[in-house]
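What follows is a short report on a single structure.
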Amino acid sequence: MAGIEIITVERRSELKDFIDLPWKIYAEYPKWVPPLKKEVRRMLDTGLHPFWEFSERILFLARRGSKTVGRIAGIIDRNHNEFHGEQMGIWGFFECADDPEAASALFSSVETWVRRKGMTFVRGPLNPSINYEAGLLIEGFEYPPALMMTYNPPYYLRLVESCGFTKEKELFSFLVKRPYRLPEWLDRLAERLVQKKGIRIRAFRLKDPVPELALVREIFNDCWSKNWGYVPLSDHEIRDIGKSMVQIADQDLAFFIYYEDEPAGVCVILPDINPLLKRLNGRIGLPGLLKFLLYRREITGLRGLLFGVKEKYRQLGLPLLAFRHLYEVARRKRTYRYLELGWTLEDNESINFLVEEAGAKIHNKYSIFRKSL
């Protein structure tokens, strides 16, 4: 059997191999949802995507003979390192056949590259940071992933751990399915909040997204600044994310919570378009548009992308108001049959407790790994 050769992606044909590889890896995994290839290409384009304005990356392929059997990206996020005072390298966009030699060579290549850049440890998978797709699926392989949630074969855990990585943090996603009833205690407390003066919900103005996205960024950076792994979103990043979000958003499910005319919290729930992405199989174009028209009724779920309350308003019980609002909207819109909330950090005990008390169940678990250099 031919040995493993590691190639640094430099040519267009090599980038194509990098992007196309998952279709080979997941040929026997029917729950996998293919991303749009043009979006993956754009995400990796250092001259186009705003994440690379403050970051750098290198892409590697693993080949055994003429066959590509693995890929990985090495990433340095300067915003993260400056904010946390760390020297962290990142591995992400990892895909690999069940080939321990290939996996070892790929991780070794990333470790060598980030060490030369002065990094002292490696964390992953982050694709390309915690603000995008993050974590290795470790429980929930029997379910298809929701929008912007990761999916991978079960053997990836073995490959990662065999290369010396240990779990640093676990992430949870929660699921709510029809038929669902709001717990009486939650409904009662939320009703009291509704009666209070100065507390109100305002829908996201999709027709004027720029100031709305600036407000999302303000609340996001206040809410999450003390969370593990937090990285502030740049203005260009939030606009880029928002551009995609606005195209699929349901206005009733993206909203701000105000207290005495001050923005106190934000909630963004998006239609889970992954059933449609599976139909598109990585390509859009005219055939993709026709598939959208034909199969859009298959979009029957929601993904809780973002929810947070500014620190100074966290004693007001505003999450209860958000839960009740979502319940009322979902009750009116019978199209939606489930809501996946996540992810949350394993040690975010207050929010995890509240979500479970509201009737959601842990659905999937993911891990982020670390290795010292």
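The values are calculated or read from the model by the stated rules, or taken from the named source; none is laboratory data. As the structure is a computational prediction, the values presented were derived from the model and not from experiment. Cβ: placed from backbone, ideal geometry, glycine included. Neighbour counts: every protein chain shown. Remember, those area values only see protein heavy atoms, side chains included, never the ligands or the DNA or RNA. Shrake-Rupley method; radii C 1.70, N 1.55, O 1.52, S 1.80 Å.
Among what's in segment 153-178 and is among the charged types (D, E, K, R) and part of a strand (DSSP E or B), pick the residue that is most open to solvent (accessible area, probe 1.4 Å). Step through it out loud before you land on a result.
So in segment 153-178, the residues among the charged types (D, E, K, R) come out as 158, 161, 167-170, 177-178.
Then drop every residue that is not part of a strand (DSSP E or B), which leaves 167-170, 177.
Details: K167: 97, E168: 47, K169: 23, E170: 27, K177: 126 Å².
That would be K177.
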Exactly one condition in (1) within 21 Å of Y151 (Cβ to Cβ); (2) touching a residue at least 60 places away in the same chain (Cβ under 8 Å) is false for L302; which is it?
(2)
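One line per residue, one yes/no per condition, for (1) part of a loop (DSSP other than H, G, I, E, B); (2) charged (D, E, K, R); (3) within 20 Å of the chain's Cα centre (by Cα):
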residue: W32; (1), (2), (3): yes, no, yes
residue: E39; (1), (2), (3): no, yes, yes
residue: G47; (1), (2), (3): yes, no, no
residue: I72; (1), (2), (3): no, no, yes
residue: G92; (1), (2), (3): no, no, yes
residue: E95; (1), (2), (3): no, yes, yes
residue: E101; (1), (2), (3): no, yes, no
residue: S108; (1), (2), (3): no, no, no
Name the single residue that is most open to solvent (accessible area, probe 1.4 Å) among those in segment 179-197 being in contact with a Lys or Arg (Cβ under 7 Å, 6 or more places away or on another chain) and within 21 Å of R334 (Cβ to Cβ).
D187
In segment 335-363, how many are farther than 22 Å from P179 by Cβ and either touching a residue at least 60 places away in the same chain (Cβ under 8 Å) or in contact with a Lys or Arg (Cβ under 8 Å, 6 or more places away or on another chain) (or both)?
7
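For E56, state whether it is charged (D, E, K, R), surrounded by fewer than 22 Cβ atoms within 10 Å (Cβ to Cβ) and under 21 Å from the mean Cα position of the chain (by Cα). I'd like the intermediate steps shown before the answer.
Numbers: charged (D, E, K, R): yes; surrounded by fewer than 22 Cβ atoms within 10 Å (Cβ to Cβ): yes; under 21 Å from the mean Cα position of the chain (by Cα): yes.
Taking the combined requirement at face value, the residue satisfies it.
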Residue check, R239 against (1) in contact with a helix residue (DSSP H, G or I) (Cβ under 7 Å, 6 or more places away or on another chain); (2) open to solvent by less than 40 Å² (accessible area, probe 1.4 Å), all met but one. Which one?
(2)
Count, please, the residues in segment 111-152 that happen to be open to solvent by 30 Å² or more (accessible area, probe 1.4 Å), of a type in the set (D, E, K, R) and more than 18 Å from W32 (Cα to Cα).
3
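Provide a single number: the residues in segment 225-249 that are at pLDDT below 90 and within 25 Å of R314 (Cα to Cα). Working first, answer last.
Residues of segment 225-249 at pLDDT below 90: 225-226, 241-249.
Those still in the list that are within 25 Å of R314 (Cα to Cα) too: 225-226.
Residues flagged as at pLDDT below 90 and within 25 Å of R314 (Cα to Cα) within segment 225-249 amount to 2.
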Do you know which residues across segment 118-149 are free of Cβ contacts under 8 Å to residues at least 60 places away in the same chain and either of a type in the set (G, A, S) or in a loop (DSSP other than H, G, I, E, B) (or both)?
G118
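Does R158 fit the bill of being of a type in the set (K, R) and within 30 Å of I238 (Cβ to Cβ)?
Numbers: of a type in the set (K, R): yes; within 30 Å of I238 (Cβ to Cβ): no.
No; evaluated as a whole, the condition is false for this residue.
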A214 meets each of (1) open to solvent by less than 50 Å² (accessible area, probe 1.4 Å); (2) aliphatic (A, V, I, L, M); (3) over 28 Å from T300 (Cα atoms) with one exception, condition (1)
Mind listing whichever residues of segment 339-358 are open to solvent by less than 20 Å² (accessible area, probe 1.4 Å), aliphatic (A, V, I, L, M) and part of a strand (DSSP E or B)?
L345
Does G304 satisfy the condition of being modelled with pLDDT under 90, of a type in the set (G, A, S) and in a strand (DSSP E or B)?
no
